[in-house]
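The values are calculated or read from the model by the stated rules, or taken from the named source; none is laboratory data. These numbers were taken from a predicted model, which means no experiment stands behind them. Heads up, the Cβs are rebuilt from the backbone with ideal geometry, glycines too, and the neighbour counts pull from every protein chain shown. These area figures cover heavy atoms from the full protein model, side chains too; ligands, DNA and RNA do not enter into them. Shrake-Rupley method; radii C 1.70, N 1.55, O 1.52, S 1.80 Å.
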Amino acid sequence: MNDTIRDVVFVDGVRTPFGKAGKLFEETRADDLIIRCIRTLLRRNPGLPPERVDEVALAATTQIGDQGLTLGRTAALLAGLPRTVPGYSIDRMCAGAMTAVTNVSAAIASRQYDIAIAGGVESMSNHPMGEGVDPNPRIIAEKLVDPEALNMGNTAENLHDLFPSITKERADAYAVGTQQRYAAAVERLTEDITTMAARSDEGWTVATADELPRPGTTLEGLANLRTPFRPHGRVTAGTAAPLTDGATACLLADAETAAELGLPVAMRMVGFAFSGVDPETMGVGPIPATEKALARAGLTIDDIGLFEINEAFAVQVLAFLDHFKIADDDPRVNPWGGAIAMGHPLASSGVRLMTQLAREFAEHPEVRYGVTTMCVGLGQGGTVIWENPNFKGAK
């Protein structure tokens, strides 16, 4: 028996344009969004025989309707993969696609799979977060969790309370910066965005770009926005990821199989970790998850040359940066902008972070390691560390 651990590589990743909930994709099925991503992956990688795919793991936070029915299997069938290719669904709220990646990667590393597709989708137009849920009354009655923990905006306000140095003004400035970085990088971002047909009352259109960015965002404009989660609060629509529809998918393989099939290698997985935190301050989740992942990999924060941090809220990113003594405007952090600009379709965002990091690695051969990390509803964090195959030394 060969029990050596294999290297897992990120081959390619794609996503649909991200649309504002209730707008671009309001009349588009969620499964059609993810099917489009899978088909695009297969088209972009013609050297991959479809029958070699060992698994399709897809995430959705609200697993009902067109996001239910074992989405990984149904989407695989509808995308044209052979019937011999299995699939399943997964839910870790915002970190669903990230967990799909780590699950199949663990199987690839342990020689159970050679190639897998992982991703996620969320139609927040048709399936708002929390739709159809029935929280056990013990959660509240036995004071296991504060009721505010069930509202992500309230948890962001709690972070401002926990870290008084993270002022509304700092959060506003960060939000303006991420909009500017997105605007500067938008042409590079479109390289991994697949077109998507969308229907509305006005007829059919072909979506080619994200709907949500506001490149003209200013500090003055953000200062006047209302604070919906608390009177005189600090969290606004300008410092939070907007409600979004979209899907992502990526192709993962072991290094030897990728070489055999002539598949590109965009990143190598170094390790990953998930961590639980107080649900009331779920935004700190990336901090212990990153510490755990770094410790397991034998690395420190100083070894990381690029950070892709999901911007659920500006305050959550700033808490991470303060903890690791990283400046608010550090060029290593979300250099092409983040979810505050482009949106956060919940379960799909983890792969968006990875696809973006892979492109950034290609432009920075001086960087060896990068991180994708995100906070997760109900008090969790997830982090994956990646190695740059283009590394030429010096960092």
Completion exercise
Pseudo-spin-label distance T84 to H232, built 7 Å along Cα→Cβ, given in nm, is 6.8
Exercise for the section: Which order do the peptides 254-261, 377-384 take when ranked by the mean count of other beta-carbon atoms within 10 Å per residue, highest first? Expected result: 377-384, 254-261
Problem - region 25-112, accessible area per residue, ligands and nucleic acids excluded (1.4 Å, Å²) - result: 38
Problem - Positive-end residue, region 223-278 charge dipole about Cα centroid, Cβ charges, pick of G276, P242, L252 - result: P242
Problem - Size of electric dipole in region 6-129: Cβ of Lys, Arg +1 and of Asp, Glu -1, about Cα centre, debye, nearest 20 - result: 220
Fill in the blank from the handout: Calculated from DSSP helices alone, with each H run of at least 4 adding -39500 (n - 2.57) and the total divided by the residues of the chain, [θ]222 nm to the nearest 500 comes to -9500 deg cm²/dmol
Practice task
Identify the GluC sites (Glu not before Pro) of region 75-184 meeting these criteria: DSSP loop state and at most 10 other C-beta atoms within 10 Å of the C-beta.
Solution key: E142
Problem - GNM result for the chain, Cα springs below 10 Å: residue of H364, H232, H127 fluctuating most strongly - result: H232
Fill in the blank from the handout: A chain fully extended from A327 to A255 at 0.36 nm per residue, minus the present Cα-Cα distance, gains in nm 22.4 nm
Exercise for the section: Run the dipole for the chain about the Cα centre, Lys and Arg Cβ at +1, Asp and Glu Cβ at -1, nothing else charged, and hand back the magnitude in debye, nearest 20. Expected result: 320
Problem - Sparse-neighbour loop sites [GluC sites (Glu not before Pro); region 173-230; at most 14 other C-beta within 10 Å; DSSP] - result: E202
Exercise for the section: Would you kindly calculate the mean projected area, averaged across all directions, of the convex hull enclosing the Cα atoms of the chain, in square nanometres? Expected result: 19.8
Fill in the blank from the handout: Within the chain, the percent of DSSP beta bridges that are antiparallel, given to the nearest 5, stands at 70
Practice task
Distance between Cα centroids, region 162-226 to region 356-393: provide it in whole Å.
Solution key: 21
Fill in the blank from the handout: Placing +1 on each Lys and Arg Cβ and -1 on each Asp and Glu Cβ in the chain, then taking the dipole about the Cα centre, the residue among V53, A184, F307 whose Cα reaches farthest towards the positive end is V53
Exercise for the section: Just tell me which lysines come within less than 27 Å, Cα to Cα, of K20; anything on the same chain fewer than 8 places away is out. Expected result: K168
Exercise for the section: Would you look at the GNM of the chain, springs on alpha carbons closer than 10 Å, and say which of D146, D134, D114 moves the most? Expected result: D134
